[in-house]
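This report refers to the structure that appears directly beneath it.
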Amino acid sequence: MAKKVKKKELGLGIRALLSNIEEEPKEKKTEVVKELSHSVAMIPINQINANPEQPRKEFADEPLNELVASIQMHGIIQPLTLRRLDDTSFQLISGERRLRASKLVGLTEVPAYIRIANDQEMLEMALVENIQREELNAMEIAFTYNRLMQEFSLTHDKLADRVGKKRSTVSNYLTLLNLAPSIQTALKNRQISVGHAKALNGVKDISLQLALLTQIIENGLSVREVERLAKGTAPKPKTQKPSLPAAYMDVQEKLRHRLASKVELKLKGKGKGQILINFSNTEDLNRILDILDND
């Protein structure tokens, strides 16, 4: 019967592979990297440094506590992924939540795959792994895509190849960076979906964007409803007209915010005028009437 390999012996074996990697010829390095990618070592927690390129910045308490309970009962099921810095220190590539939970449990060592990766590969690996598990919120993905493009001079096409996504998917995430900060915050907090954000991005008037955002959060509007409202409120090209006096402009903007619709004030002289309220369909008209009734 084959001799059972102890965890400590396994770890020492991997350390032996790592010890002279820098002096090995390229062919030998490739063999070592291939072997390391399938081997698991037990690494002391105090030798693991945080990953400064970690795209995920926020960790909710409840899922973390659930992971703590799982580790206490079953141990760490999926190893972490580390990059070797030197003989006694490693840098985290992926698995920060598992590492945090392990520290809370009181573990002194964790199972890990050891990779040899440069800084760009570290960021890509951490991003791809988190995206595959749907752990990043949409804004974290957008910011990290942008960082990859800026720091490593990648086009949309090259970035899409790196992260294994369609070019259109990458481009859609990057457009989220053009949204108003309050909309980005709502997306980050998962108060709205990427579909909602895409629909809002089609509205050029920032005040109308924010008014629609309020309607989504307060009334639970679907993406389809927002798309209809966005089409009905999008500003249309028109001939240049004299601007309203400041006081009337203020009233017009307040009505637009309150009704989440396009509102126009028209003056006819001697204090007379009109208020024009646009609606896209019967449903939209009833929504506006409900707001007026409540007032």
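Would you mind stating whether Gln150 is surrounded by fewer than 18 Cβ atoms within 10 Å (Cβ to Cβ), in contact with a Phe, Trp or Tyr (Cβ under 8 Å, 6 or more places away or on another chain) and modelled with pLDDT under 80? Break it down into steps so the answer makes sense when it comes.
On the way: surrounded by fewer than 18 Cβ atoms within 10 Å (Cβ to Cβ): yes; in contact with a Phe, Trp or Tyr (Cβ under 8 Å, 6 or more places away or on another chain): no; modelled with pLDDT under 80: yes.
Judged against the criteria, Gln150 is not a match.
Apart from one condition, Thr88 fits all of (1) surrounded by 15 or more Cβ atoms within 10 Å (Cβ to Cβ); (2) polar (S, T, N, Q); (3) closer than 14 Å to Asn46 by Cα; (4) modelled with pLDDT under 85; the exception is (1).
Filter the stretch 91-128 for residues that are assigned to a strand (DSSP E or B) and at pLDDT 90 or above; which is surrounded by the most Cβ atoms within 10 Å (Cβ to Cβ)? Explain how you work it out, then say what you get.
Looking only at the stretch 91-128, we keep the residues that are assigned to a strand (DSSP E or B), and these are 91-94, 109-115.
Still in the list and also at pLDDT 90 or above: 109-111.
On the way: Glu109: 17, Val110: 24, Pro111: 20.
Selected residue: Val110.
Glu58 - would you say it is under 30 Å from Asn189 (Cβ atoms) and at pLDDT below 75? For Glu58, the condition - under 30 Å from Asn189 (Cβ atoms) and at pLDDT below 75 - is met.
Collect the residues in the stretch 139-158 that are in a helix (DSSP H, G or I) and β-branched (Val, Ile, Thr), keeping them in residue-number order. Talk me through it step by step, then tell me what you get.
So the first thing to find is which residues in the stretch 139-158 are in a helix (DSSP H, G or I), and the list is 139-152, 156-158.
Once the filter is applied, which keeps residues that are in a helix (DSSP H, G or I) and β-branched (Val, Ile, Thr), the stretch 139-158 yields Ile141, Thr144.
Please go through the stretch 175-193 and pick out each residue that is closer than 16 Å to Val223 by Cα and surrounded by fewer than 18 Cβ atoms within 10 Å (Cβ to Cβ). Those that are closer than 16 Å to Val223 by Cα and surrounded by fewer than 18 Cβ atoms within 10 Å (Cβ to Cβ): Arg190, Gln191, Ser193.
Yes/no per residue for (1) more than 14 Å from the chain's Cα centre (by Cα); (2) of a type in the set (D, E, K, R):
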site: Leu154; (1), (2): yes, no
site: Asp157; (1), (2): yes, yes
site: Arg167; (1), (2): yes, yes
site: Leu177; (1), (2): no, no
site: Ile183; (1), (2): no, no
site: Lys188; (1), (2): no, yes
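Residues in the stretch 154-164 that are at pLDDT 85 or above and surrounded by fewer than 18 Cβ atoms within 10 Å (Cβ to Cβ) were compared, and the one that is nearest to Ile216 (Cα to Cα) is His156. Give the stretch 255-272 a look and list any residue that's free of Cβ contacts under 8 Å to residues at least 12 places away in the same chain and either buried (at least 16 other Cβ atoms within 10 Å of the Cβ) or on the phi < 0 side of the Ramachandran plot (or both), or say none. Across the stretch 255-272, the qualifying residues are Lys266, Lys268, Lys272.
For the stretch 86-97, the criterion of being without any contact (Cβ under 8 Å) to a residue 24 or more places away in the chain and among the acidic types (Asp, Glu) is satisfied by at least one residue.
The values are calculated or read from the model by the stated rules, or taken from the named source; none is laboratory data. Model, not experiment: these values are computed from the prediction. Using ideal geometry, Cβ is built from the backbone for each residue, glycine included, and neighbour counts are taken over all protein chains shown.
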